[in-house]
1. Being of a type outside the set (D, E, K, R), exposed (fewer than 14 other Cβ atoms within 10 Å of the Cβ) and more than 20 Å from the chain's Cα centre (by Cα) is the filter here; which residues of the range 151-175 pass it?
2. Which pairs turn up if I take residues in the range 123-150 that are touching a residue at least 60 places away in the same chain (Cβ under 8 Å) and surrounded by 14 or more Cβ atoms within 10 Å (Cβ to Cβ) and look for partners that are of a type in the set (Lys, Arg) and assigned to a strand (DSSP E or B) with beta carbon separation below 8 Å, at least 6 apart in sequence or on another chain?
3. Specify the residue that is farthest from the chain's Cα centre (by Cα); the eligible residues are those in the range 110-122 that are part of a strand (DSSP E or B) and without any contact (Cβ under 8 Å) to a residue 24 or more places away in the chain.
4. Can you confirm whether the range 211-219 contains a residue that is aromatic (Phe, Trp, Tyr), part of a strand (DSSP E or B), crowded, with 18+ Cβ neighbours inside 10 Å and in contact with a Phe, Trp or Tyr (Cβ under 7 Å, 6 or more places away or on another chain)?
5. Quick one: in the range 188-246, of everything that is among the β-branched types (Val, Ile, Thr) and over 15 Å from Thr69 (Cα atoms), which residue is modelled with the lowest pLDDT?
Amino acid sequence: MTSDRSDLGNQALSKVAEIGITSQLDAVENIDVDIRTDPVKLIQGKVDSVVISGQGLVMKQDLRMENITVSIDPVSINPLSAILGNIEFTHPSDAEAIMVLTQADLNRAFSSDYMQTKLHGLKIEMDGQPVTIDVQHATIDLPGENKLVIAGDFTIREQPELKKISATAIPAVEADGNRIALEILAAEGQGLNLRLVMAMFEQLIALLDMRNFNIPGMSFQLHKLEAQAGKLVIHAKAQVAQIPSM
């Protein structure tokens, strides 16, 4: 009977957490929260573990994650708040997170209305002259071997002729843990200009800023990146102060 009560309590807490997280996302295909404790520990405000896993989470700027897993260390919570549906930790807890973004996820975000506004009206210098660039279409390819390829069709407003450009880079982690860094290995195209390549990569870097993945009560910092064939795997450290409530 005690085990049954414990399971029911865990399920109730987990369901509250799932509803809270879902309310903070633009869209979600599936979210599962597994909270482990027992009635005595819950009264004392102790939780043995929390594991959050989700598929198809859409964050800010139409940024979709194929899946995410967040594993949180044993924590102490405010039991009265938990009863009222607000799972609030008494102290921020460390957590480990793994996020997977597929090549399709990155291209979906890169073709969003938000990113299209960022890729139009880019101001750069070409041959010593200031020009305005409109990137008409951009794609991201993840061929594996920790490489990332970006390709785009663009026009120069001062010379309205469609041109193509592509570049290959290796992603790494910036020192602050918020943004990725990209080391350009090669670039080619018509009217090739490294400033244009950097301008396009800068938009990708801004899109993948870890602050775009934060939700109320949870913040993430990059720890390691893996550009695998067809997907980008992000290993992150997390600070969790609470499970979001509705």
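The values are calculated or read from the model by the stated rules, or taken from the named source; none is laboratory data. As the structure is a computational prediction, the values presented were derived from the model and not from experiment. Cβ placement follows ideal geometry from the backbone for every residue including glycine, while neighbour counts extend to all protein chains displayed.
1. Gln159, Pro160, Leu162
2. Matching pairs, first to second residue: Ile133/Lys123; Leu142/Lys231.
3. First, pick out the residues of the range 110-122 that are part of a strand (DSSP E or B): 120-122.
Add one more test, that the residue is without any contact (Cβ under 8 Å) to a residue 24 or more places away in the chain, and what stays is 120-121.
On the way: His120: 23, Gly121: 26 Å.
The extreme case among them is Gly121.
4. Restricting attention to the range 211-219, the residues satisfying the condition of being aromatic (Phe, Trp, Tyr) are 213.
Filter again for part of a strand (DSSP E or B), leaving none.
Looking for residues that are aromatic (Phe, Trp, Tyr), part of a strand (DSSP E or B), crowded, with 18+ Cβ neighbours inside 10 Å and in contact with a Phe, Trp or Tyr (Cβ under 7 Å, 6 or more places away or on another chain), one finds none in the range 211-219, hence no.
5. Let us first name the residues in the range 188-246 that are among the β-branched types (Val, Ile, Thr), namely 197, 205, 215, 233-234, 240, 243.
With over 15 Å from Thr69 (Cα atoms) added as a condition, the list becomes 197, 205.
Working: Val197: 87, Ile205: 91.
The residue in question is Val197.
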